[in-house]
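Input: a single structure, listed below in structure tokens.
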Amino acid sequence: MSCGEPHEKDCSEVLDHLYEYLDREMPAGECAEFQVHLDECSPCLEKYGLEQAVKKLVKRCCGHDDVPADLRSKVMGRIDLIRAGEAVPEVSVLDQARHEQAQRERAEASGGSGADAPEPAGTSEARSRSARAE
């Protein structure tokens, strides 16, 4: 897309990196260039406004999902394994966390503590490797 007007930064380049700008993931110098372009270019400013509105809507409608409490530690453990060059279990961290959460909920519903529920395959091995790496 191009508005047909000459700009220091081309419209297509601005639109290609619009989400970096919206998410504040862009270096400050580039942000300033983007802001200058948006101040000069009404079609890009309109697209920016639309994308900003969509982002706010998604945040409002989908931003309240509960994340399993131990997901962050599991993700960090996986990152540590990868950095150490060790094998990473096939089970996705998110699937593993969901599985464990479901086990805890089933245990609570049946009156148990859930502490003796089995772990998914590869979990204890990965946890042991992570502990050794620390």
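No value in this document is a laboratory result; all are computed from the given coordinates. Note that the structure is predicted; figures quoted are calculated from it, not measured. Here the Cβ positions follow ideal geometry from the backbone for every residue, glycine too, while neighbour counts run over all protein chains shown.
If I stretch the segment between LYS55 and ALA28 completely, what's the gain in nm (0.36 nm per residue apart, minus their alpha carbon distance), one decimal?
On the way: separation 27, 0.36 × 27 = 9.72 nm, distance 2.11 nm.
Value of the extension gain: 7.6 nm.
Quick one: if the Förster radius is 35 Å, what FRET efficiency do CYS62 and ALA84 give, using the C-beta to C-beta distance and rounding to 0.05?
Values: r = 34 Å, r/R0 = 0.98.
After rounding, the FRET efficiency stands at 0.55.
Give me the extension gain from HIS17 to ASP70: residue separation times 0.36 nm, minus the current Cα-Cα distance, reported in nm with one decimal. Walk me through the numbers on the way to the answer.
Working: separation 53, 0.36 × 53 = 19.08 nm, distance 3.30 nm.
Going from the current span to full extension adds 15.8 nm.
Mind checking which lysines have their Cα closer than 20 Å to the Cα of LYS9? Skip sequence neighbours fewer than 8 apart in that chain.
LYS9 reaches LYS47.
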